[in-house]
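One structure is given below, encoded as structure tokens.
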């Protein structure tokens with residue numbers, strides 16, 4: 001991982017863009033285990049735009065806490081584009097935020113499948129400006145994959161808010 005990377009500066013930039021719009025953010029994290037929320041709350045004043053997050057690691061938690069359809073998980077797998085989008089939509093609705101970002105993936109070292117190697121993540125975002133999901137495959141160890149995923153999630157928030 002890039003040791004020059006400053007996650008708090010990235011979280012601050014996302015927060016500034018949210019605050020400028022008067023919008024709030026929610027997170028739905030699986031493989032990142034709350035890392036995005038941790039970085040956001042390292043910024044003083046983040047309670048003004050961060051409403052909270054859900055660490056929905058187990059499939060059942062994705063269903064119960066975020067409203068992801070169990071059939072969606074059975075059909076596509078928890079690590080998939082449709083589930084990432086449903087997680088973001090569910091967090092946005094459950095927590096009443098304008099923007100929600102989600103991450104679901106395989107941090108490693110185990111858990112790989114033929115079409116989903118270690119490092120595969122889907123990052124979803126839902127907001128009034130639109131929705132999208134991105135698939136990434138990171139080449140790092142478990143911690144590095146979690147960090148790369150959380151970093152990209154915040155970058156996607158910044159890109160969506162900054163572009164519109």
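Taking the fewest neighbouring Cβ atoms within 10 Å as the starting point, the ordered list for 74, 92, 16, 152 is 74, 16, 152, 92.
Computed from the C-beta positions of residue 42 and residue 137 and an R0 of 30 Å, the FRET efficiency is 0.65 to the nearest 0.05.
With springs only between Cα atoms under 10 Å, which of 141, 59, 114 fluctuates most in a Gaussian network model of the chain? Maximum among the listed residues: 114. For the chain, the average shadow cast by the Cα convex hull is 8.7 nm², which is a quarter of the hull's surface.
Taking all Cα pairs closer than 8 Å and separated by 6 or more residues, the relative contact order of the chain comes to 24 percent.
All of the numbers you see were taken from the coordinates with simple rules; none came from a lab. All values derive from a computational prediction rather than experimental measurement. Backbone-built Cβ (ideal geometry, glycine too); neighbour counts: all protein chains shown.
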